[in-house]
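A.B. asks: The structure's right below; bear with me while I get my questions together.
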Amino acid sequence: MLIKAYRFQLRTRSGVERLLRRFAGSLRWVWNAAIAEQRRRREAGEKFSPYAAMCRWLTEWRHAPETAWLAQTPIHPLQQTLRRLDAAYRRFFAGVGGHPRFKRRGQEPGLRFPDPKQFELDQGSARVKFPKLGWQRLRLSQAVVGELRNATVTCERGRWFVSLQLEQPDVLPSADLMPTLGIDLGVALFAALSDGRTLQPLDALKQQQRRLRHAQRAVSRKQKGSRNRRKAVNRLGRLHARIAAQRSDWLHKLSTELADQHPVIAIEELKVAALSASAAGTSEAPGNRVRQKAGLNRAIFDQGWAEFRRQLEYKTAARAGAVVAVNPAYTSQACSQCGSVDRGNRRTQALFACLACGHTENADANAAHNILAAGRAVWAARPAACGAEVSRARPARAQRAAAMKQEPTEATPAAPAGAR
Ligand SMILES: [Zn+2]
């Protein structure tokens, strides 16, 4: 078993931060009060009171009227503080550490929740739940894999973070697994799959987008500071929330189905700029193709792709599989049959027709085939640590073909910067 730690920033609002500061203050108070009590008892000639005894003091403090406010802080982090203090005393008695010191403001220990029963992580909605704090949103920058062990909330320079420790199974993706699905993230479509399927965005979302535009216009028409404007703003906010919930539901169904069918999935690498822009809720034009088809779908897609990829990552990992990221360069211009790369191959937005071999196919499906082939090459070439001996022993045709597709030959003109 392997323990892996993750650290994410909490997206706290000011009210929650106030609460967290109060919790941290309680931890500091308990630490200091326990040191004072140990000192008082030692001076009275008593022996050291270990962790269990200190926990009884904590119970008394939480019930005493003058320190009843301690009961507003979750109990487990308070107990963990005493456990740490006990350990500090034991180091001191063993001669390997100094006498435990009083803590000042700003030196608070983290809020540690030692048992996964005490908190809950909802990766689908990027949020975490703690006792007396409720659900809080996280900047979940990567998929979390494994079994939750404990969580610690800390403050650093005014920002709050959650550290999670997870136990990961030793099983790595099996060596003889190969990517069996390639996904091309489309624009007219949400995505095209190498098995020939195309994924349309939810119609309901398109309708909602229209309503959203109406609601946005309504807000801009109302007078600033007026009651009607506030109402329109509220209506817009509710609509945003409903769209987000529908999109999330749709994406989860999709990603679960795909991860069930395909343990290893190849998908094009999303640009970091596009990712962060979507996180910020704004859109950016990643290329010509996007700009042509921009508009209605873009907001849906911008936010959907990154989330889709994140869901696929943790769902395939949970099934001992993986997502393989592929450089999307030329995947839309290369022929999935003969590997010839030519801008002219892309006759129209929808049609791919190879100038070299005459192969014709839906352009997005052709790109999905290329992504699958490139994904197989990347997967076969991954370090031996992941158990790639088997796949490396048989250099696949797909690998050579994909290598050709990734590199334009001298005879073909270089692709313009915006093309994929
Ligand atoms: Zn061809």
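Only the coordinates and a few stated rules stand behind these numbers; no lab work does. Note that the structure is predicted; figures quoted are calculated from it, not measured. All Cβ positions, even for glycine, are placed from backbone atoms using ideal geometry, and neighbour counts span all protein chains on display.
A.B. asks: Pulled fully out, how much extra length does the chain show between ALA71 and ALA320, if you take 0.36 nm times their separation in residues and subtract their Cα-Cα distance? Please report the intermediate quantities before stating the final value.
C.D. replies: Details: separation 249, 0.36 × 249 = 89.64 nm, distance 4.25 nm.
Length gained between ALA71 and ALA320: 85.4 nm.
A.B. asks: Step through the table entries LYS4/LYS315; LYS132/LYS231; LYS129/LYS231, compare each Cα-Cα distance with 26 Å, and write down the pairs that go over it.
C.D. replies: LYS132/LYS231; LYS129/LYS231
A.B. asks: Still on this model: Within 10 Å of each residue's Cβ, count the other Cβ atoms and sort CYS338, CYS55, CYS354 from fewest upward.
C.D. replies: With the fewest neighbours first, CYS338, CYS55, CYS354 line up as CYS338, CYS55, CYS354.
A.B. asks: May I ask you to sort HIS369, HIS76, HIS99, HIS262 by Cβ crowding, counting other Cβ atoms within 10 Å and putting the fewest first?
C.D. replies: Taking fewest neighbouring Cβ atoms as first place, the list is HIS99, HIS76, HIS262, HIS369.
A.B. asks: May I pose another question? Please sort by residue number the GluC sites (Glu not before Pro) in region 19-50 whose DSSP state is loop and whose Cβ has at most 14 other Cβ atoms within 10 Å.
C.D. replies: Answer in residue order: GLU46.
A.B. asks: Which order do LYS129, LYS315, LYS224, LYS117 fall in if you start with the one that has the fewest other Cβ atoms within 10 Å?
C.D. replies: LYS224, LYS117, LYS129, LYS315
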